[in-house]
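Participant: Next up is a structure, given as structure tokens.
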Amino acid sequence: MLETVLKIGKAFRESPTGLKHHRYVKQCPQDTDKRKILRLSLPVNEDFRFDFNGIKEITDENIIRDMLFYPTFKTSDADGLVKYIFGDIYYSLSKGAEGGYYRLEDKTNKQKAYQVSSFFRGCEDFKSLNKMYEEQPSRRGQKESFSIAPFRREFEKNIMFIERLFKYHCGILEYLEFKNTGEATTFLELLTDEKELRRLTAKRVFSTIKQGRGAKKTFKNILDIEEPQWSLIESKEELIKKLIDYSTGDLFLHFDFNGKHWYEFANEFNIINAKMLEDFAERANTTDGYILKKYLYKTLSSPEKDIQFPSFSAQARYRSKLFKNMDEILDLIYAIDYSKTALLKIAHTDIKIVVLPRGKNLTATHYGRFIQRTSSLQNEQEQETIIGQENIEDTQEQLFAPLLENVAEDIIQFDLIFSKKGGQTAPDVDMVELSGVEKSHLREIKQRISKIKRTLYDKRQNEINAVLKPFSITWSFLNIFGDSTSDMKKYQSHLYKVLPQIYTGTYYSDAILLPALIEKTEANIRADKPDFKLLKYDFYFLTTIQNTILEGGNLMKIKESQSYRIGLLLGELAEQFAAWRDNCPIKSFEKSYVGTLSRRITTLEDLIRFKRFIEEKLVIHEKNFKSVKDISYELAQAIKNISGRYDKNECAFGFFESYFAPVS
């Protein structure tokens with residue numbers, strides 16, 4: 001599995017567009033209906049001086065989509081210090097809460113490291129970078145300077161102006177719109193005038209609130225005034241401050257090095273990578289190569305998170321994975337995000353299925369196209385939409401389509417990872433891994449299941465006489481195992497067990513499928529919504545797709561059992577009291593007795609007592625005519641002649657089959 005991840009990472013690292021896959025480099029976010037990002041380009045001259053009067057808004061969609069990236073420098077995966085070294089910056093504010101990857105100074109913070117801004121938090125790491133640059137063998141005798149050094153000197157010199165761009169970016173947006181009228185000052189003069197920046201920011205926030213819903217309530221909460229006038233606010237600093245503290249927005253600051261982007265400084269970018277790798281890994285003591293000294297990937301041992309290797313000694317860490325060189329660890333960094341991207345998300349569950357393609361000479365294009373052309377089953381509504389768009393006789397199975405439809409011929413195998421989605425702070429948890437699943441084998445399984453779907457769909461259509469949607473594996477399991485709780489524990493737990501078996505063609509039997517069907521049927525009867533006629537076809541489908549060598553499959557095995565036969569006859573007797581009969585003499589029979597059937601036929605002795613109870617009721621209500629007597633006699637003989645083990649679930653299944661049989 002890890003070798004597949006490293007191959008993917010190498011392909012991304014060596015590709016022209018691979019930067020978007022770097023674990024610690026992020027693309028500039030795209031605009032949404034609810035969020036518009038202000039993107040500014042700040043020219044940096046050849047001597048690294050910043051030209052603030054040359055700041056322009058970036059509006060070219062090609063540049064925004066393909067060329068704007070910002071670094072998220074970290075010395076461990078859990079590093080939350082948000083240190084800035086070099087490169088473009090994405091900064092956001094939401095009612096005073098900072099986001100993106102830059103933090104302004106906060107003198108009120110109890111932790112000293114967090115009192116200064118991100119620029120100063122990165123000073124020590126920059127010193128290490130500069131030292132690494134000076135110690136490069138290729139540097140001997142060269143006078144070329146380390147570009148990050150003069151850039152940071154200029155940044156520090158102008159840090160007040162730069163951080164004002166972040167703090168007052170709502171005001172900057174207001175200024176840019178106002179500037180179009182030709183009445184504004186230069187950009188540098190604006191950044192020098194903090195009072196004007198504060199006024200513009202407050203005005204922008206004021207206008208935004210006034211145009212939105214619930215303006216009176218919002219103003220009341222912020223200013224304690226329901227309908228304030230701007231003329232009143234702009235003369236009162238305390239009101240201006242309250243509006244500024246409520247500001248919300250996003251700014252992406254791009255440093256334009258005469259048309260060159262920060263990541264195009266190849267030597268500098270390589271040294272930044274080398275610094276991160278140095279913090280993540282170290283040379284192994286006992287053998288040639290490198291091992292991780294901090295957590296980076298889930299299946300590797302590290303001193304920080306030794307979850308997969310309890311009591312694993314630090315000296316033996318190389319046994320989990322010994323990297324040949326630092327480039328291999330860099331490959332891992334490029335592949336981590338891809339290796340966590342789910343190809344499928346199962347409706348009503350926390351189940352994510354990650355699929356990693358395998359093949360010969362696969363490129364970044366192969367991997368990128370594979371993940372881009374797929375659809376995820378994210379929720380019931382989306383699933384319903386997908387199925388509803390299909391032809392009613394279509395046998396498409398969404399568990400297989402993303403792995404097989406429009407997949408390059410060069411992809412011949414897959415690694416599958418079944419994960420449980422984590423929370424806001426908790427990571428995903430891998431439950432099951434499958435390695436080297438053949439695409440050709442998956443295609444055979446899909447074709448077999450499609451044939452079964454088609455046959456059962458026709459049978460169901462003829463019996464129920466209604467237009468129904470095609471069968472779906474997950475939907476059929478949900479119908480039988482699902483309940484009214486939000487976490488669907490029983491359903492999820494069963495899918496973790498059977499989905500890997502279905503993908504590998506080893507779904508031979510399912511011991512809890514029939515008991516779950518009986519339990520669900522009884523619960524629905526007690527809730528006055530009996531739907532066995534539909535549920536039984538979900539059971540037929542899931543039983544028939546099992547890869548048994550038995551002729552007729554496991555379903556035929558059940559239907560040929562003595563317990564099932566006894567249940568059929570018992571259901572025929574009880575059918576005289578079915579709720580759908582106009583002349584049903586016992587209206588409560590179905591809910592009280594059929595809805596608790598399995599408890600009344602637990603043992604053969606219990607079944608005999610229940611049989612006698614039904615027969616007594618038949619006599620009392622004058623339903624004991626000849627055909628009923630014949631069924632009663634046949635049932636008595638079947639019970640008398642039973643050999644081997646009696647199965648209450650098979651008996652209940654037979655009971656429901658005859659009790660809810662179509663009316664001829």
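Participant: Which angle between 0 and 90 degrees, to the nearest 10, do you get for helix 148-157 versus the longest principal axis of the chain when only C-alpha atoms count?
Facilitator: Value to nearest ten degrees: 70.
Participant: Separate question: Of the accessible area of segment 94-253, with the probe set at 1.4 angstrom, what percent is carbon plus sulfur? Show your work: numbers first, answer last.
Facilitator: Details: 4420 of 9180 Å².
Ligands and nucleic acids excluded, carbon and sulfur give 48 percent.
Participant: How high is the relative contact order of the chain? Use alpha-carbon pairs under 8 Å, at least six apart in sequence, and give a whole percent. Walk me through the numbers on the way to the answer.
Facilitator: Working: 937 pairs, mean separation 75.7, N = 664.
For the chain, the relative contact order is 11 percent.
Participant: List the trypsin sites (Lys or Arg not before Pro) within segment 77-125 that DSSP assigns to loop and that have no more than 14 neighbouring Cβ atoms inside 10 Å.
Facilitator: Working: sites: 83, 95, 103, 107, 110, 112, 121; in loops: 83, 95, 103, 107, 110.
Here the trypsin sites (Lys or Arg not before Pro) that fit, given the DSSP loop and packing criteria, are 95, 107, 110.
Participant: Please give the per residue accessible area of the chain, computed with a probe of 1.4 Å over protein heavy atoms only, in Å².
Facilitator: Values: 33340 Å² over 664 residues.
Roughly 50 Å² per residue, with all protein chains present.
Participant: Could you work out the relative contact order of segment 474-585? I mean the mean sequence separation of Cα pairs under 8 Å and 6+ apart, divided by the number of residues, in percent. Intermediate values should be presented prior to the final figure.
Facilitator: On the way: 73 pairs, mean separation 26.5, N = 112.
Relative contact order here is 24 percent.
Participant: A follow-up question, please. Tally Lys/Arg at +1 and Asp/Glu at -1 over every other residue whose Cβ is under 15 Å from the Cβ of residue 656; what's the total?
Facilitator: On the way: positive: 520, 526, 529, 533, 536, 559, 565, 591, 599, 600, 648; negative: 463, 519, 522, 531, 538, 572, 575, 590, 647, 650, 657.
Taking every Cβ under 15 Å from that of residue 656, the sum is 0.
Participant: While we're looking at this one, here's another question. Once neighbouring chains are kept in place and the probe is 1.4 Å, which whole percent of the accessible area of segment 473-519 is contributed by carbon and sulfur? Before the final figure, lay out each step's value.
Facilitator: On the way: 1030 of 1830 Å².
For segment 473-519, the apolar C and S fraction of the accessible surface comes to 56 percent.
Participant: Let me ask something else. Only one of the values [x] 69; [y] 64; [z] 56 was calculated from this structure for percent of Cα pairs over 37 Å apart; name its label.
Facilitator: For percent of Cα pairs over 37 Å apart, the calculated option is [z].
Participant: Rounded, prolate or oblate: pick one for segment 1-133, where a ≥ b ≥ c are the square roots of the eigenvalues of its C-alpha gyration tensor, a/c under 1.5 means rounded, and failing that, prolate if a/b is larger than b/c, else oblate.
Facilitator: Details: a/c = 1.38, a/b = 1.10, b/c = 1.26.
In terms of gyration-tensor shape, rounded.
Participant: If I fit a long axis through the Cα atoms of helix 326-339 and take the longest principal axis of the Cα atoms of the chain, what angle between them do I get, 0 to 90°, rounded to 10?
Facilitator: Long axis of 326-339 versus the principal axis of the chain: about 50 degrees.
Participant: OK, next. Exposed loop sites here are chymotrypsin sites (Phe, Trp or Tyr not before Pro) in DSSP loop states with at most 10 other C-beta atoms within 10 Å. What is the longest stretch of the chain lacking them?
Facilitator: Values: sites that count: 580, 625.
In the chain, the maximal stretch lacking such sites is 1-579.
Participant: Can I ask one more? Loop only by DSSP, 16 or fewer other Cβ within 10 Å of the Cβ. Give me the GluC sites (Glu not before Pro) in segment 558-664 that pass, ordered by residue number.
Facilitator: Details: sites: 560, 572, 575, 590, 605, 615, 616, 622, 634, 650, 657; in loops: 560, 622.
When the GluC sites (Glu not before Pro) of segment 558-664 are filtered for loop state and at most 16 Cβ neighbours within 10 Å, 560, 622 remain.
Participant: Where does helix 562-574 land angle-wise versus the long Cα axis of the chain, in degrees 0 to 90, nearest 10?
Facilitator: Here the helix axis deviates by roughly 80 degrees.
Participant: With a ≥ b ≥ c taken as the square roots of the eigenvalues of the C-alpha gyration tensor of segment 536-664, please select rounded if a/c is under 1.5 and otherwise prolate if a/b is larger than b/c or oblate if it is not? Can you show the working numbers first?
Facilitator: Working: a/c = 2.04, a/b = 1.54, b/c = 1.32.
Prolate shape, in that a/c is at least 1.5 and a/b is the bigger ratio.
Participant: Using only alpha carbon pairs under 8 Å that are at least six residues apart, calculate the relative contact order of segment 528-664 and give it in whole percent. Working shown, then result.
Facilitator: Working: 127 pairs, mean separation 57.8, N = 137.
Worked out over segment 528-664, it gives 42 percent.
Participant: Can you list the residues, at least 5 places off or on another chain, whose amide H is less than 5 Å from the amide H of residue 281, using H built in the peptide plane?
Facilitator: 293
Participant: Here is a follow-up. Mind putting a number on the dipole of segment 103-260 about its Cα centre? Charges go on the C-beta only, +1 for Lys and Arg and -1 for Asp and Glu, and I need it in Debye to the nearest 20. Before the final figure, lay out the partial values.
Facilitator: Values: 30 positive and 26 negative charges, 91 e Å.
With only Lys, Arg, Asp and Glu charged at Cβ, the dipole is about 440 debye.
Participant: Another question, then. What pairs from 529/611; 112/260; 439/469 go past 29 Å between their alpha carbons?
Facilitator: Working: 529/611 25 Å; 112/260 36 Å; 439/469 27 Å.
Distance filter (> 29 Å) returns 112/260.
The values are calculated or read from the model by the stated rules, or taken from the named source; none is laboratory data. Everything quoted here is computed from the prediction, not taken from an experiment. No Cβ is skipped: glycine too gets one built from the backbone with ideal geometry, and neighbour counts run over all protein chains shown. Surface areas here come from the heavy atoms of the whole protein model, side chains and all, with no ligands, DNA or RNA. Shrake-Rupley method; radii C 1.70, N 1.55, O 1.52, S 1.80 Å.
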